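Asker: My structure is below; once you've seen it, I'll send some questions.
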Amino acid sequence: MEKTKKVSRKGAKQAKVRISSQLDYLISSNDKLIIDSDTHISNSNLLSQSMAKKVKQDFLYFHGKPADMDELVFSMDLSKIDMSLSCLSWQNPSVTQYFGEDEQHNFESLFAANKYIYDSSIKYMERIIPAGWTDPAALGKDLAIEMVDICVDHFGFGIIKINPAQNRFMINSEQVVEIVTHIIKKKAVPAFQFGADTKYTSVSGLRFLAEKFENSKLLAIHMGGGGASYIDAEDVYQDSLFLGKNHSNIMFVESAKHDTHIRNDLLYFSNKGTSIIENLAWASDFPYGLQVWNFGGLKSLIHELEASLLRNELNTNRIMGGNMKNLLMETYQNLLS
Ligand SMILES: [Zn+2]
């Protein structure tokens, strides 16, 4: 703990340098920059013994086989994207080990996972846009807030994610509201896992936050997707559209979602004006999803809609990277001000 705090003080200056250099890159990149807005990487040296053994012995091991930063870069190259590609990356919750109610130990484990994201972004400044992660259930509220401070002040992260589904707490609970208030006070952007697969990330819960923090951007990852079945997810899919129409401070990231519903989202949002279509971004959810598949599919879908339905407002570059780039540039400028 002492060590972590010491590193944090020393790192405040490095954070500003990191933000400045990435902001310069974003400003100088042309409008062809592609951003995959939901990827997870993890340090292969920090896998639990049992996970490391399974990964090594069974190539069929679960669909989100842990991947490190070099594997992410390999995946980007495999996608054969003929433009620059950056990835918004955060830790992989399936890999980071928690130790029951030992909040201090959990804090150190999540700190190491967040630090790996920071180190990766230093190594691959043009390819990895780092984002942080905090967890009030595993760390307790106070340490969760301290993690926010480290992520913003020491690592220079502009986005901090909370995943209510993983450790089962409501997205609009009192402790989440307190942490979100703190993230916004630090001029960073809160992000949430927002899937249909658990009761912890309900549409009404996200609406509550959107109304409470109406002047701040909130990121909702999966836009109601995730691991739910088609039937279970249907209501959340539909309600998310209306939520987005009525709350322009919510930005949705289309990852881990059925393709037919992504198509509906594009059509619906493109009808609702610029301030709404600016709130969509694509993502692969790597390594849970394949970049080559998601990038290729979405790009083709947008082209098809633009051509056949004359939906020029969809604008491939906007959905594939421009919207997220604008949010990041604004956030980094705020952090430096
Ligand atoms: Zn994800």
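Every number here is computed from the coordinates shown, using simple stated rules; none is lab data. Please read these numbers as outputs of a predicted model, since none were measured by experiment. Every residue, glycine as well, gets a Cβ built from its backbone with ideal geometry; the counts of neighbours run over all protein chains shown.
Asker: Counting other beta carbons within 10 Å of each Cβ, put 231, 319 in order, fewest first. Working shown, then result.
Answerer: On the way: 231 7, 319 25.
Starting with the residue having the fewest Cβ neighbours, the order is 231, 319.
Asker: Suppose only helical runs count, i.e. DSSP H with n ≥ 4. What mean residue ellipticity at 222 nm does that imply for the chain under -39500 (n - 2.57) per run, divided by all residues and rounded to the nearest 500 deg cm²/dmol? Show your work: numbers first, answer last.
Answerer: Details: 14 runs with 172 residues, N = 337.
Theoretical 222 nm ellipticity from helices: -16000 deg cm²/dmol.
Asker: Per-residue HN-Hα couplings for region 143-152, Karplus 6.51 cos²θ - 1.76 cosθ + 1.60 at θ = phi - 60°, whole Hz, x for Gly and Pro?
Answerer: 5, 5, 5, 5, 5, 4, 4, 5, 4, 7
Asker: Another one. Please list log₁₀ I(q)/I(0) at q = 0.06, 0.08, 0.09, 0.14 Å⁻¹ for region 2-336, using the Debye equation with identical point scatterers on the alpha-carbon positions.
Answerer: Scattering profile of region 2-336, log10 relative to I(0): -0.19, -0.33, -0.43, -1.13.
Asker: While we're here: What's the FRET efficiency of residue 126 with residue 208 using the Cβ-Cβ distance as r and R₀ = 30 Å, to the nearest 0.05?
Answerer: Working: r = 38 Å, r/R0 = 1.25.
After rounding to 0.05, the efficiency reads 0.20.
Asker: Considering only DSSP states other than H, G, I, E and B, which trypsin sites (Lys or Arg not before Pro) in region 53-129 qualify as loop sites with at most 12 other Cβ atoms within 10 Å? It would help to have the intermediate numbers written out before the result.
Answerer: Numbers: sites: 53, 54, 56, 80, 115, 123, 127; in loops: 80, 127.
Sparse-neighbourhood loop trypsin sites (Lys or Arg not before Pro): 80.
Asker: Quick one: grab the alpha carbon gyration tensor of region 49-194, order the square roots of its eigenvalues as a ≥ b ≥ c, and give me rounded if a/c is under 1.5, else prolate or oblate depending on whether a/b is larger than b/c. Could you put the intermediate results ahead of the total?
Answerer: Details: a/c = 1.95, a/b = 1.27, b/c = 1.53.
Oblate shape, in that a/c is at least 1.5 and b/c is the bigger or equal ratio.
Asker: Report, in listed order, any pair from 212/299; 56/141; 115/185; 80/325; 212/272; 141/212 with a Cα-Cα distance greater than 28 Å. Could the numbers behind the result be given before it?
Answerer: Values: 212/299 35 Å; 56/141 36 Å; 115/185 22 Å; 80/325 21 Å; 212/272 23 Å; 141/212 19 Å.
In this structure, 212/299; 56/141 exceed 28 Å between Cα atoms.
Asker: Give the distance, in whole Å, between the Cα centre of region 88-113 and the Cα centre of region 241-292.
Answerer: Centre-to-centre distance over Cα atoms comes out at 28 Å.
Asker: If I model a spin label at residue 274 and residue 80 as a point 7 Å from the Cα along the Cα→Cβ vector, what separation in nanometres do I get?
Answerer: Spacing of the two 7 Å Cα→Cβ label points: 3.6 nm.
Asker: Can you return the lysines within cross-link range of residue 53? Criterion is Cα-Cα under 18 Å, with same-chain partners fewer than 8 residues away left out.
Answerer: Cα-Cα hits under 18 Å: 65.
Asker: If you don't mind, another one. Taking amide H atoms as placed 1.01 Å from N in the peptide plane, list the residues 5 or more away in sequence, or in a different chain, whose amide H sits under 5 Å from that of residue 37.
Answerer: 88, 282, 283, 284
Asker: Then there's this: Where does region 42-118 land on Rg(C-alpha)/(2.2 N^0.38 Å)?
Answerer: Details: Rg = 14.4 Å, N = 77, 2.2 N^0.38 = 11.5 Å.
Ratio of Rg to 2.2 N^0.38 Å for region 42-118: 1.25.
Asker: For the pair residue 27 and residue 45, how long in nm is the line joining their label points, each one 7 Å along Cα→Cβ?
Answerer: It is 3.6 nm.
Asker: To continue, here is another question. Charges only on Cβ, +1 for Lys and Arg, -1 for Asp and Glu: so what's the dipole of region 2-336 about the Cα centre, in debye to the nearest 20? Each step should come with its number before you reach the end.
Answerer: Values: 35 positive and 40 negative charges, 159 e Å.
So the dipole magnitude of region 2-336 works out to roughly 760 debye.
Asker: If you take every DSSP beta bridge whose two residues both sit in the chain, what share of them, in percent to the nearest 5, is antiparallel?
Answerer: Details: 0 of 26 bridges.
Percent antiparallel among DSSP bridges in the chain is about 0.
Asker: Follow-up. For the charge dipole of region 135-225, defined by +1 on Lys and Arg C-beta atoms and -1 on Asp and Glu C-beta atoms about the Cα centroid, which residue among 191, 223, 138 has the Cα displaced farthest towards the positive pole?
Answerer: So the residue furthest toward the plus end is 223.
Asker: Treat the count of other C-beta atoms within 10 Å as a stand-in for reagent exposure and order 102, 153, 135 from fewest to most.
Answerer: On the way: 102 12, 153 17, 135 25.
Lowest to highest Cβ neighbour count: 102, 153, 135.
Asker: By count of other Cβ within 10 Å, fewest leading, how are 142, 119 ordered?
Answerer: Values: 142 12, 119 15.
Arranged by neighbour count, lowest to highest, 142, 119 become 142, 119.
Asker: Starting from 0.36 nm per residue, how many nanometres of slack lie between residue 304 and residue 57 once their C-alpha separation is accounted for? Walk me through the numbers before you get to the answer.
Answerer: Working: separation 247, 0.36 × 247 = 88.92 nm, distance 4.21 nm.
Gain in length upon complete extension: 84.7 nm.
Asker: Any chance you could give the angle, 0 to 90 degrees and rounded to 10, that helix 291-309 forms with the longest Cα principal axis of the chain?
Answerer: Relative to the chain, helix 291-309 is tipped by roughly 30 degrees.
Asker: Bin all alpha-carbon pair distances of region 194-285 at 10 Å intervals from 0 and give each bin's fraction as a whole percent.
Answerer: 18, 56, 25, 1
Asker: Full-extension gain between residue 336 and residue 167, please, as 0.36 nm times their residue separation minus the C-alpha to C-alpha distance. Before the final figure, lay out the partial values.
Answerer: Numbers: separation 169, 0.36 × 169 = 60.84 nm, distance 3.29 nm.
Using 0.36 nm per residue and subtracting the Cα-Cα distance, I get 57.5 nm.
Asker: Might you report the magnitude of the Cβ-based charge dipole of region 182-298 about its Cα centre, with Lys and Arg at +1 and Asp and Glu at -1, to the nearest 20 debye? Walk me through the numbers on the way to the answer.
Answerer: On the way: 11 positive and 12 negative charges, 117 e Å.
Computed about the Cα centre, the dipole is about 560 debye.
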